[in-house]
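The values are calculated or read from the model by the stated rules, or taken from the named source; none is laboratory data. Predicted, not measured: the structure shown is a model, and the values here were computed from it. So basically every Cβ, Gly included, is an ideal-geometry build from the backbone, and we count neighbours across all protein chains shown. Calculation scope for accessible area: heavy atoms of the full protein, side chains included, ligands and nucleic acids excluded. Shrake-Rupley method; radii C 1.70, N 1.55, O 1.52, S 1.80 Å.
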Amino acid sequence: PPCVETDFYSGRTIRVVVGARPGVAYDLYARLIAGHLAKYIPGAPEIVVENAIGKNSRAVANDIYGACADGLTLAAIAPALYFDQILGHKDAAFDWRAFSWIGTPDRSAHLLYARTAMPYDSLGAIVGAAIPPRCGAAGAASTAYHLPKLLGEIFGARFQSITDYREGPDVDAAVERGEIDCRVLTISGFFSHEPYPTWRRTGFVRILLQTGAARDSRLPETPTIYELMDERGVAEPGRRLARVVLSAERFGRPWVAPPGVPAERMNILRAAFARAARDPALLAEAEMKDLSVAAGGGEELQVLAREVAAQPPEIIARLRKLFDA
């Protein structure tokens, strides 16, 4: 049998670059995994988490794509960056399929919330509104931007998309100021850190829809996008478009390494990630921090990456039209 590389990581440091600032969900999850990862890597290397201050997740993806493929530099990136490749974004210098996929600590459906003070109490209310709600997103490479566009395409719901916010907390702050009316985010994020516990307690926002195949147990009264598609008779082309857009939530909050990391090191990293995600100490810490854990493996993400990047011309054309690419 081939020799197992048991000593490569001994005495070394693994850098995990996070494409978000400290304290946001992507950072919290990256640090959660990083804190339990070393004990499952032969040689117990030091794990250092770095926030790419001043860079968005696309820039971090570009950097990691061109980094040394030695298994010492990893990144936690946004899950919807595959649209950059599908649509040929000029600032995307990566092939989504070629990343070395390690795993994700959480996969969550999304929700759309709106300020309770506004008259948007359902998707139907938005469809029939004379004034479209102002919906915020941290740039145009996020599900917070993509989902309102999709809702417009398949249901006729109009939104004013405002994308000049750096990260999710900036969007939430704008909602609190009354500057915008709505936002899309993960369900797991909404049931984690502030301001959401306070918002839920005070009724500051209402949830209009969720994107999972079934209703989340925490949102039993909120319809899914699939229920709404059934109610409104959305045809198969619209449903296929929805599946492509919503694939981002299957990536969750993914960790990647550069293309070409030696297979043996990738096996070590993937196995360590999977074991860390099941560690009772990690799960206890996650519960204490109100972070849900629904981990996925690197092999599964690798297959999904190839899947989403291989869209037929008619879907690409609809996506270009949808996102004004």
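Here are some notes:
- Within the full protein context, the accessible area of HIS89 is estimated at about 70 Å² for a probe radius of 1.4 Å.
- Note on the stretch 226-301: dipole from Cβ charges, positive end direction compared against ALA242, ALA272, TYR226; the farthest Cα belongs to ALA272.
- Charge dipole (debye, nearest 20) of the stretch 212-300; +1 at Cβ of Lys and Arg, -1 at Cβ of Asp and Glu: 280 debye
- When SER122, SER192 are compared by accessible area of protein heavy atoms, the largest-first order is SER122, SER192, using a 1.4 Å probe.
- For the cross-link pairs LYS55/LYS321; LYS90/LYS321; LYS149/LYS321, the ones whose C-alpha atoms lie over 19 Å apart are LYS55/LYS321.
- Ellipsoid fit via the Cα gyration tensor, the chain: semi-axes of 34, 22, 17 Å, each the root of five times an eigenvalue, largest first.
- Whole-angstrom gap from the stretch 212-255 to the stretch 286-312, using each part's C-alpha centre: 16 Å
- Residues whose amide H comes within less than 5 Å of that of GLY296, counting only those at least five positions distant or on another chain, are THR104, ASP106 (H built at 1.01 Å from N in the peptide plane).
- In the complete set of protein chains, residue-level accessible area for ARG270 is approximately 40 Å², probe 1.4 angstrom.
- Alpha carbon centroid spacing (whole Å) that separates the stretch 124-141 from the stretch 145-163: 6 Å
- √(5λ) per eigenvalue of the Cα gyration tensor, the stretch 81-173, largest first, Å: 28, 15, 13
- In sequence order, the stretch 157-167 has phi-based couplings of 7, 9, 9, 9, 8, 10, 10, 8, 10, 6, 8 Hz under the Karplus curve 6.51 cos²θ - 1.76 cosθ + 1.60, θ = phi - 60°, and Gly or Pro positions carry x.
- Ranked order, GLU176, GLU249 - accessible area, probe 1.4 Å, largest first: GLU176, GLU249
- Ordering GLY128, THR116, ALA138 by Cα displacement along the dipole of the stretch 102-194 toward the positive end leaves GLY128 in first place; charges were set at the Cβ atoms of Lys, Arg (+1) and Asp, Glu (-1).
- Rg in Å to one decimal, and Dmax rounded to a whole Å, for the stretch 101-140 via C-alpha atoms: 14.9, 46
- Radius, Kirkwood style, for the stretch 145-275 when every pair of distinct Cα atoms is counted (Å): 17.4 Å
- Heavy-atom accessible area, probed at 1.4 angstrom with all protein chains present, ranks ARG158, ARG206 as ARG158, ARG206, highest first.
- For ARG232, solvent-accessible area (1.4 Å; no DNA, RNA or ligand), Å²: 110 Å²
- Additional length obtainable on full extension of the chain from ALA98 to ASN267, 0.36 nm per residue less Cα span: 59.2 nm
- Residue separation of ALA213 and GLN160 scaled by 0.36 nm, minus their Cα-Cα distance, works out to 16.4 nm of gained length.
- Spacing of the two label points (7 Å from each Cα toward its C-beta) at ARG306 and ASP230, in nm: 3.3 nm
- Restricted to Cα atoms, the stretch 120-185 shows a radius of gyration and a Dmax of 11.2, 30 angstrom.
- Its Cα centre serving as origin, the stretch 132-261 has a Cβ charge dipole (Lys and Arg +1, Asp and Glu -1) of approximately 160 debye.
- Taking only the Cα atoms of the stretch 1-158, the radius of gyration and Dmax are 19.9, 69 Å.
- Charges were assigned to the Cβ only: +1 to each Lys and Arg, -1 to each Asp and Glu. The resulting dipole of the chain about its Cα centre is roughly 340 debye.
- Averaged per residue, the chain has 42 square angstrom of accessible surface, using a 1.4 angstrom probe with ligands and nucleic acids left out.
- With θ taken as phi - 60° and the Karplus curve 6.51 cos²θ - 1.76 cosθ + 1.60 applied, the whole-hertz 3J(HN,Hα) list for the stretch 180-185 is 9, 10, 8, 7, 9, 8 Hz, x standing for glycine and proline.
- The residue list TRP96, ALA34, PHE83 was ranked by how far each Cα lies along the charge dipole of the stretch 34-125 toward its positive end, using unit charges on Cβ atoms, and PHE83 comes out on top.
- Close amide H contacts of GLN160 (hydrogens built in the peptide plane, cut-off under 5 Å, sequence separation of 5 or more or a different chain): ARG134, CYS135.
- Highest to lowest packing among 100-112, 280-292, scored as the average C-beta count within 10 Å: 100-112, 280-292
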